[in-house]
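What follows is a set of notes on a single structure, which appears directly below.
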Amino acid sequence: MHILKSALFWRILLSSLLVVLVLGVGLSRANRAHEELEQQFERLVQHDLKLADDAEQLLRLMADLETGKRGFLLTGGRTFLEPYEHARRELEGLLAEAQAVAENGMEDERVAAFGRMVHDWITDVSEPQIAEREKGHVPDAAVADEGKSRTDEMRAILADLRRHALDEADAREHAAFESAGDSQRATRTVLLLAIIIALGSGAWIARDIAGTTAQLELAMSATGRLERLDPMRSPIGLRQDELGAVARSLTKMNGLLLDKDASLRATLADRERALDELMRANAALAMRDARARAYAEFVRELKALDVSALATGGLHTLVRLADAQVGTVYLLDDANRLVPVQATASDGRAIDHSNFSADGLPKNVMEKREPVFLVGDELGDPLPSLDLGIGHAPLRWVLAYPVALGNEGAGAIVIAGIHAPAKDAVEAVRDATRQLAVALHNAWTHDRLREKSIALTEQGERLTRANMVKTAFLASMSHELRTPLSAILGFADLLLTSPKEQLSARARESLERIKRNGDHLLGLINDVLDLAKAEAGRVEVRLAPVNVAILARACVAEVESLRSGKNLRLTVTGAETPIETVTDAQRVRQILLNLLANAIKFTDEGDVVVTVQETTNEVAISVQDTGIGIPVHAMKELFQDFHQLEAGDGRRYDGTGVGLALSRRLARALGGEIEVRSRQGEGSTFTLILPRLSAAAEAKGAAPSSAALAPSESPIKVAS
């Protein structure tokens, strides 16, 4: 509520609302222009360019028809009729597509005229000539001339239609770009107006605030100089906004500070005398411990995993410890180029590292993974010099140390000084430089690993969100499809079973076909819905004692009709004696029916054998076929959602690719697993493994209970 009483708040808010209103009008106008432009381009692509493409395809078919016929008439070879027949098969579909794209008027009439003429040409000219040639007769020259005149006329119609469509496309494209230009100019005008309003209101508010803050600054300067303020000479104190309140508070603070200053001055004088005595006592101790503290600080800084902190603080401390005058750190960047990242001087100044080159000694040291220590004449003649600001001093020593671990090089450290180091200090300098090099390598490696980890984490989050959206969509759509389909099946079943309906044989056959196909579609939708529920963790498992042998035989009998029309034997072994366990019979039946249906679908002849086996702890049900088998490269994707061995319009086997993915999730929900063995061309064996539990164990909670199924990401057992 306090902010609503602020005058400054209402000034800024009203100015901002005015700018937003102008921008809103501009954006609305730009959006309308964008929608019009989208409609123009949609019309351009879906009608004009499509019609031109259809005309060009029809011209190609005409060429295939005429070339194939002419080649057959000249040579009598049946191979020339293959493009002719192929063109005839494509002609009807392409004509229907062109007729659907063409608009009423000239386009529609030309497509229809071409269709009539090409059919007449095939019926009256082409087919009779081919028939005469097959009989060994020489085609009539008059008929050939008539056919040529007709094909020329048809080509003219198609060329005119294509030219018309391309002209329309050019005109529409030109209009669309003109509309875009008008929209751009209007948008610029609105934006310019909004900028002018924003600048004007901002200048007005800034002028008011700047004048007031200038007076406040003068008052604060006077307070800083401990000068007393005169309330009568401060007009801003009369303002009824926040700045006026600040001015009044500042006047009160001025009085309090002046009173407090007098008291502090007396206390400060006493403390300065005590501090002077304490500083003289600590001077000697500070001299002894300075180097020890510097080295301890250096070691402490090396614990960081921040490259920038190490390159700055660690290098500065190293330069002081080594009594050097300059130091530089070179590291590999993201493009694996050796570049200087930090340079410092002995007095703590940060030197512009871009003035240093990575070529020469730093690059050589990093590549060879060996440190280099140069003293005196080893540096060459003349000696390299260091700019001291008032002159140049020659460098007396240089130490270059690789930032590397094993065979992995990450950079180099170079320090140099104008005073030759003492012999007993060289090893200490080498050791300190080595420690900094190791710390820099660790931090450099940590940064690269962290960047890769962040990228992988972001990718995983995107994939998780996408999978959640897909799961929700499948669950919603499967439910929406199943409701009307159930109604259709109910009405079909009612008509078939009602004694009052006198159905003809044809009507009854049609209803039975509707019911069969509807039941099949309902099964597919139920699989998709179960899969979506499994991914969302909403599938229930109801445990009860089950005779697995009887269940396996029942499933085999249920799929007996699927092998109709195939030379296929369907047998069950190992199910002669009862094999009992505690599990969900409905889910086991669903898994076995999926595995059996897949085995029969991919096996045209041979055997599908169901084997039931038991051990002390497990029950195994194997479905073995002698079908096409599974390629090695497809094994890893076998249990992915909606994955099929064959994809595209030319695949031989139908299905949704849901069965195996759902079966794996249901098996894991039951505490089991599905194992696969397969060899391409020799068949496959899918084995459902279930835990063998007694009713007593289930009652004690040893088995999976009737709980919601949580999605599992454990690896599937696959063997080739």
Matching residues in region 415-444 (modelled with pLDDT under 75, more than 20 Å from Thr344 (Cβ to Cβ) and either surrounded by 15 or more Cβ atoms within 10 Å (Cβ to Cβ) or not aliphatic (A, V, I, L, M) (or both)) number 4
Considering only residues that are at pLDDT 80 or above and in contact with a Phe, Trp or Tyr (Cβ under 9 Å, 6 or more places away or on another chain), look in region 135-151 and name the one that is nearest to Leu74 (Cα to Cα).
Thr151
Residues Leu562, Leu570: which one is in the same structural domain as Glu618 (by TED's automatic domain parsing), at pLDDT 75 or above and in a helix (DSSP H, G or I)?
Leu562
Residue check for Ala412: under 30 Å from Arg448 (Cβ atoms), at pLDDT below 80 and either assigned by TED's automatic domain parsing to the domain that holds Asp306 or in a strand (DSSP E or B) (or both):
no
Given the conditions (1) outside any helix (DSSP H, G or I); (2) modelled with pLDDT of 75 or more, and given that Lys452 satisfies all but one, which numbered condition is not satisfied?
(1)
Kindly indicate whether Ala210 is at pLDDT below 75 and not charged (D, E, K, R).
yes
Test set (1) at pLDDT 85 or above; (2) at positive phi - Gly76 fails condition number
(1)
Please work out if Glu614 is modelled with pLDDT of 85 or more and either aliphatic (A, V, I, L, M) or in contact with a helix residue (DSSP H, G or I) (Cβ under 9 Å, 6 or more places away or on another chain) (or both).
yes
Within region 152-172, identify whether any single residue is at pLDDT below 80, farther than 30 Å from Asp64 by Cα and part of a helix (DSSP H, G or I), and answer yes or no.
yes
From Thr75, Thr67, Thr79, which residue is among the polar types (S, T, N, Q) and within 18 Å of Glu153 (Cα to Cα)?
Thr67
Taking the conditions exactly as written (touching a strand residue (DSSP E or B) at 6+ places or on another chain (Cβ under 9 Å) and farther than 15 Å from Ser684 by Cβ), does Gln613 satisfy them or not?
yes
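Condition check ((1) exposed (fewer than 12 other Cβ atoms within 10 Å of the Cβ); (2) at pLDDT 75 or above) across all residues:
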| residue | (1), (2) |
| --- | --- |
| Ile195 | no, yes |
| Ala198 | no, yes |
| Ser201 | no, yes |
| Ser221 | yes, yes |
| Gly224 | yes, yes |
| Asp230 | yes, no |
| Ser234 | no, no |
| Glu242 | no, no |
| Arg248 | no, no |
Take Pro128 and decide whether it is in contact with a Pro (Cβ under 9 Å, 6 or more places away or on another chain) and not in a helix (DSSP H, G or I).
no
Note on region 134-144: residues farther than 13 Å from Trp121 by Cβ and either exposed (fewer than 15 other Cβ atoms within 10 Å of the Cβ) or free of Cβ contacts under 8 Å to residues at least 60 places away in the same chain (or both) are Glu134, Lys135, Gly136, His137, Val138, Asp140, Ala141, Ala142
Provide a single number: the residues in region 518-559 that are of a type in the set (Gly, Ala, Ser) and either modelled with pLDDT under 80 or not assigned by TED's automatic domain parsing to the domain that holds Phe639 (or both).
6
Filtered residue count, region 326-344, keeping only those that are buried (at least 16 other Cβ atoms within 10 Å of the Cβ) and modelled with pLDDT under 75
1
Across (1) at pLDDT 80 or above; (2) over 24 Å from Arg664 (Cβ atoms), Lys515 clears everything bar (1)
Extreme residue, nearest to Gly26 (Cα to Cα), among residues of region 209-228 that are without any contact (Cβ under 8 Å) to a residue 12 or more places away in the chain and part of a helix (DSSP H, G or I):
Ala210
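The values are calculated or read from the model by the stated rules, or taken from the named source; none is laboratory data. Since the structure is predicted, the reported quantities are computational estimates derived from the model, not experimental observations. Note: ideal-geometry Cβ built from the backbone for every residue, glycine included; neighbour counts use all protein chains shown.
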